[in-house]
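Readers should treat all values here as calculations from the given coordinates under stated rules, not as data from a laboratory. No experiment lies behind these values; they were computed from the predicted model shown. Here Cβ is always computed from backbone atoms with ideal geometry, including for glycine, and neighbour counts include all displayed protein chains.
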Amino acid sequence: MIAVWWTIGALALATAAIKAAGPVLLGGRELPAPTASVIALLAPALLAALVVAETFGHDGRLSVDPRAAGLAAAAMALALRAGVVTVIVVAAVATALTRAALL
C-alpha cells in the first residue's frame, strides 16, 4: 500500500514540474504567432477526440450504442445555436429515450 502512495507522490511532483517548465523556460516572453495559433486549436481538437473515443469506443473496438444518438442530438442542437444547458439536456433525453426504446 505504501508503494501506491509513493507512486502518487512521484506523479504529483512530475506533473507540477512539467506544468512549471513552460513559464520557467519562456520567462514571460510571448510565443511566436504560429505556435500560439496551434496551441489555441489543441483544446477543441482534444475535446473532440475524447468525445468520439468515449462515444464510439468500447474495449478497443468500434461500437454504436445509445450514446451515439445523444451525440447526434447534441450536434443538431448545436447546429441550431442552442445554449449549452439545452444541448446537454437534449443529448441526455435522446440517450435515455434510445436506451428505453432498445429495452
>> Of the candidates Ala17, Ala77, Ala43, which one comes out as most mobile in a Gaussian network treatment of the chain with C-alpha springs shorter than 10 Å?
In response: Ala17
> Among Ala68, Ala45, Ala21, whose mean-square fluctuation peaks in a Gaussian network model of the chain (Cα, cutoff 10 Å)?
Replying inline: Ala21
>> Report the Cα centroid-to-centroid distance between segment 35-53 and segment 69-93 in angstrom, as an integer.
In response: 20 Å
>> Please give the charge dipole size of the chain, origin at the Cα centre, charges +1 on K and R Cβ atoms and -1 on D and E Cβ atoms. Round to the nearest 20 debye.
In response: 100 debye
> In whole Hz, what ³J(HN,Hα) sequence does segment 82-99 give by Karplus (6.51, -1.76, 1.60; θ = phi - 60°), x for Gly and Pro?
Replying inline: 6, x, 4, 4, 4, 4, 5, 5, 4, 5, 5, 5, 5, 5, 5, 5, 5, 5
>> What are the ³J(HN,Hα) couplings of segment 18-26, residue after residue, when phi is run through the Karplus curve with 6.51, -1.76, 1.60 and θ = phi - 60°? Round to Hz, x for glycine and proline.
In response: 5, 5, 7, 5, x, x, 5, 6, 7
>> For volume of the Cα convex hull per residue in Å³, one of [x] 205; [y] 166; [z] 97 was computed from the structure I shared and the rest are decoys. Which label?
In response: [x]
> Using alpha-carbon pairs under 8 Å, 6+ residues apart, how would you state the relative contact order of the chain in percent?
Replying inline: 18 percent
>> For a quick check, take a GNM of the chain with Cα springs below 10 Å and name the residue from Gly27, Gly57, Gly83 with the largest mean-square fluctuation.
In response: Gly27
